[in-house]
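The values are calculated or read from the model by the stated rules, or taken from the named source; none is laboratory data. All values reported here derive from a predicted model rather than from experimental measurement. Backbone-built Cβ (ideal geometry, glycine too); neighbour counts: all protein chains shown. The protein model used for the area step is the full one, side chains on, heavy atoms only, and it has no ligands, DNA or RNA in it. Shrake-Rupley method; radii C 1.70, N 1.55, O 1.52, S 1.80 Å.
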Amino acid sequence: MKIHSFLKLSVAFGVLFLSCKKEIKEVPSHLGDEIEEVKSIFAPDKRVALFSIDVEKTGDNYIIKGESNLPKAVAELKENLQKKNVAFIDSIAILPTKELKGKTKGLVTISVANIRSNPKHSAELATQATLGTPINILKKQGDWVLVQTPDNYISWVDYGAIKMFTKAEFAKWKNLPKLIYTQTMGYAYSSTDDNAQVVSDLVAGGILELLQEKNDFYNVRFPDGREAFVLKSEAEEYKNWLSQLNPEKDDLVAVSKKLMGLPYLWGGTSSKGVDCSGFTKTIYFLNGIVIPRDASQQVHTGKLIDEVGNFENLQKGDLLFFGRKLPETNKEKVVHVGMWIGNNEFIHSSGAGRVQINSIDSTATNYDAFNLGRYLRTKRLLNQQDDNLVDIRKESLFK
């Protein structure tokens with residue numbers, strides 16, 4: 001008898017649960033369409049814009065929920081719904097979150113911060129950021145922080161790899177004298193002796209606060225307050241480096257060749273390892289230009305030079321893109337990028353394992369038939385006006 005009553009109760013509860021679940025799912029399709037329309041305008045690329053909005057129905061109420069770092073997009077969505085007389089409960093969180101208490105700016109405090117697709121160390125490596133890179137902080141979750149890098153990439157970094165600041169504190173840091181590390185790799189030491197205890201390793205492009213000069217060393221401070229000494233022969237005062245920047249074609253080639261043999265690393269954008277687009281990004285960054293993170297984003301920047309395989313008009317520094325057409329949609333998929341260095345050759349971080357030089361000349365020993373067979377087009381980014389290209393001589397990134 002007890003078992004029979006229990007089964008009846010269980011069935012009744014199950015029916016109630018399913019009916020509630022069904023009710024939540026009964027959302028008019030036009031509400032989802034409104035969200036998608038706004039998303040397509042303001043956040044077509046989720047890698048650089050966060051607009052994670054959903055709608056559910058509970059009882060007679062529609063709840064618009066989720067999060068976004070785009071206040072204008074959220075305002076547009078609400079306005080569109082109001083114009084159509086849709087009554088709703090607003091449950092959208094605007095990032096950065098209030099829980100950050102104003103600490104919405106940050107700096108990378110280690111040589112290279114690994115930034116991941118999800119808040120865990122086992123997650124895919126999405127990108128990297130070198131020492132002193134300014135980042136926008138969107139929210140904190142446990143020991144992880146959701147950040148946006150200068151190329152607008154949004155992903156997660158371990159809290160221990162950054163120092164958080166208020167806008168006022170960050171502005172103060174920007175006004176301090178700085179140093180840029182210019183060698184591919186090296187170290188900061190505890191004293192003016194390159195046999196002294198290492199404080200940290202360093203990679204090309206790392207930015208430190210400059211305190212003073214002492215013998216053959218610069219006395220520097222890390223964003224987290226640690227002090228150390230860097231050899232003068234391996235670094236330069238940032239203001240001097242910046243004033244001398246005038247990137248030319250040969251400068252791009254020279255930097256690229258300093259990274260020859262660097263290991264291929266999915267998600268890598270530093271001299272510890274690079275993927276294909278991380279390699280081209282690093283070349284341009286070390287010449288004072290911030291370009292988009294991924295090949296599928298880089299291909300939409302700059303000036304079109306070729307898309308038929310006529311390489312006569314290419315200049316050193318031009319980016320070559322490779323990929324394929326998807327048979328089911330006939331849409332293009334960009335999967336690889338390299339940089340033209342002249343003499344029918346391009347340099348790239350190859351899936352074969354390292355940065356190397358290949359040729360489009362079928363008679364050359366380094367001929368790359370595979371990539372030539374999937375060539376799509378060439379774009380020129382150097383000296384081009386483009387909203388997706390940041391010239392740090394003009395934009396106040398570190399200074």
Checklist entry - Considering only DSSP states other than H, G, I, E and B, which trypsin sites (Lys or Arg not before Pro) in the range 301-358 qualify as loop sites with at most 11 other Cβ atoms within 10 Å? => result LYS331
Next on the checklist: Can you sort ARG377, ARG221 by solvent-accessible area, 1.4 Å probe, largest first?
Outcome noted: ARG221, ARG377
Checklist entry - For the chain, max minus min Cα coordinate along each principal axis, in Å, sorted largest first? => result 87, 54, 50
Item to check | Percent carbon-and-sulfur accessible area, the range 236-288, ignoring ligands, DNA and RNA, probe 1.4 Å | outcome: 52 percent
Item to check | Pairwise FRET efficiency - ARG393 versus LYS120, Cβ, R0 = 35 Å, nearest 0.05 | outcome: 0.40
Next on the checklist: Viscosity 1.567 mPa s, temperature 4 °C: give me the Stokes-Einstein translational D for the range 176-247 in µm²/s, with Rh taken as the Kirkwood radius over C-alpha pairs.
Outcome noted: 108 µm²/s
Checklist entry - Regarding the range 230-388, what are the three Cα extents along the principal axes, ordered largest first, in Å? => result 54, 35, 30
Checklist entry - Tell me, what is the per residue accessible area of the chain in Å², probe radius 1.4 Å? => result 51 Å²
Checklist entry - Over all pairs of distinct alpha carbons, what does the Kirkwood formula give as the hydrodynamic radius of the range 178-313, in Å? => result 16.5 Å
Checklist outcome for this item: In whole angstrom, the spacing between the Cα centers of the range 359-399 and the range 92-117 equals 30 Å
Item to check | Sum of -39500 (n - 2.57) over DSSP H runs of 4+, divided by residues of the chain (222 nm, nearest 500) | outcome: -7000 deg cm²/dmol
Checklist entry - Percent relative contact order of the chain, based on C-alpha pairs within less than 8 angstrom and at least six residues apart? => result 11 percent
Checklist outcome for this item: The alpha-carbon center of the range 273-320 and that of the range 204-229 are separated, in whole Å, by 32 Å
Checklist entry - Which loop GluC sites (Glu not before Pro) in the range 307-389, with loop taken from DSSP, have no more than 10 other Cβ atoms within 10 angstrom of their Cβ? => result GLU328
Item to check | For GLU67, net neighbour charge (Lys/Arg +1, Asp/Glu -1) across residues whose Cβ lies under 14 Å away | outcome: +3
Next on the checklist: On a full-extension model of 0.36 nm per residue, what is the gain between VAL308 and GLU227, subtracting their alpha-carbon distance, rounded to one decimal in nm?
Outcome noted: 23.8 nm
